[in-house]
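Asker: Following this message is one structure expressed as structure tokens.
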Amino acid sequence: MVRRIDVTGTGGVRLAAWEFADPPKLREAEGAPGGVLLLHGLMGRASHWAGTARWLSERHRAVALDQRGHGQSEKRPEGPYTREAYVEDAEAALEQLGLAPAVLIGHSMGALTAWQLAARRPDLVRGLIICDMRASALGAASQREWEHWFKSWPVPFATLADVRKWFGEDDPWVERPNPARGEFFAEVMAEGPDGWRPVFDRAQMLKSRETWVHDAHWEELMQVRCPALVVRGLDGELGRAESQEMVRVLPRGEYAEVADAGHLVHYDQPSAWRAAVEPFLDGVLGGG
């Protein structure tokens, strides 16, 4: 059964957290400490973690968070959509949900939030999984490319099938048909009087992105003291050389890669993703 839990983020922003399966009764009875907090990437939402959350919930409590500006969480026009705000929201969620000390699993932007929180509050984080997120700065050119890409979206879409086709096939950024990408974006659309539009504001996404594309984040990686796993899709955005350097910089870093996966590793190849991360999770949380 899906359960929504309301969380209050920094500045009083209203956040929606989600459990996609009941937590294991045995571990509840044992009073086992900690759990797992799942953080989606830019433009994502908690439901993108539903599959992962369900198998995690067989042995551990797993909660996915709609971050500010995303999903069913509050989308204040004024934000703020800063790195500090996202990190403080995740910190508040861990404390209000009673998950700490938790394993943080983050994809892309959510991974950056996760390792920044792990560096800042080591008492709240017992393990970290970084999924396809670079530590180096992407630069101003990347931000301009995203601005142009957002303008190219043919919104509103007449049907969800059109959403799937455009993001999975017709988008100029798609090198070859990618049905998983089409499904990913179909989950972040809502129907209005004139058709289907994203549930997020694209200007807010650019503002969120602006706060991490211009700066490198190696220093925070060095400050992460808990066990950490860096996962990359072979066709993703995190290159092998940079991922291995991230592992080297992390005091307790490990490495895994998923074949035939792009940037949306857990979405592209859910079975291979599970095989890549489950041994690490069992080592940190125990096999249940």
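Asker: Can you tell me how many residues within region 37-49 are small (Gly, Ala, Ser), in a helix (DSSP H, G or I) and touching a residue at least 40 places away in the same chain (Cβ under 8 Å)? Can you show your working first?
Answerer: First, the residues of region 37-49 that are small (Gly, Ala, Ser): 41, 44, 46-47.
Adding the requirement that they be in a helix (DSSP H, G or I) leaves 46-47.
With touching a residue at least 40 places away in the same chain (Cβ under 8 Å) added as a condition, the list becomes 47.
Residues in region 37-49 being small (Gly, Ala, Ser), in a helix (DSSP H, G or I) and touching a residue at least 40 places away in the same chain (Cβ under 8 Å): 1 in total.
Asker: Pairs please, first residue from region 204-216 and at negative phi, second anywhere and of a type in the set (Phe, Trp, Tyr) and assigned to a loop (DSSP other than H, G, I, E, B), Cβ atoms under 6 Å, 6+ apart in sequence or on different chains.
Answerer: What qualifies is GLN204/TYR81; LYS207/TYR81; SER208/TYR81.
Asker: Is it true that some residue in region 202-211 is among the small types (Gly, Ala, Ser) and either crowded, with 16+ Cβ neighbours inside 10 Å or not in a loop (DSSP other than H, G, I, E, B) (or both)?
Answerer: Yes, because at least one residue in region 202-211 is among the small types (Gly, Ala, Ser) and either crowded, with 16+ Cβ neighbours inside 10 Å or not in a loop (DSSP other than H, G, I, E, B) (or both).
Asker: Restricting to region 259-288, what's the tally of residues that are surrounded by 14 or more Cβ atoms within 10 Å (Cβ to Cβ) and within 19 Å of VAL174 (Cα to Cα)?
Answerer: Within region 259-288, residues that are surrounded by 14 or more Cβ atoms within 10 Å (Cβ to Cβ) and within 19 Å of VAL174 (Cα to Cα) number 9.
Asker: May I pose another question? When region 204-228 is examined, which residues are found to be within 17 Å of the chain's Cα centre (by Cα) and small (Gly, Ala, Ser)?
Answerer: Selection gives SER208, ALA228.
Asker: Of all the residues that make up region 188-201, how many are open to solvent by 40 Å² or more (accessible area, probe 1.4 Å) and within 17 Å of ASP66 (Cβ to Cβ)?
Answerer: 2
Asker: Which one of ARG54, ARG45, ARG4 is more than 24 Å from MET205 (Cβ to Cβ) and either within 17 Å of the chain's Cα centre (by Cα) or at pLDDT 95 or above (or both)?
Answerer: Just one listed residue meets the conditions, ARG54.
The values are calculated or read from the model by the stated rules, or taken from the named source; none is laboratory data. Predicted, not measured: the structure shown is a model, and the values here were computed from it. Don't worry about glycine lacking a Cβ; one is built from the backbone with ideal geometry, like all the others, and counts go over all protein chains shown. The protein model used for the area step is the full one, side chains on, heavy atoms only, and it has no ligands, DNA or RNA in it. Shrake-Rupley method; radii C 1.70, N 1.55, O 1.52, S 1.80 Å.
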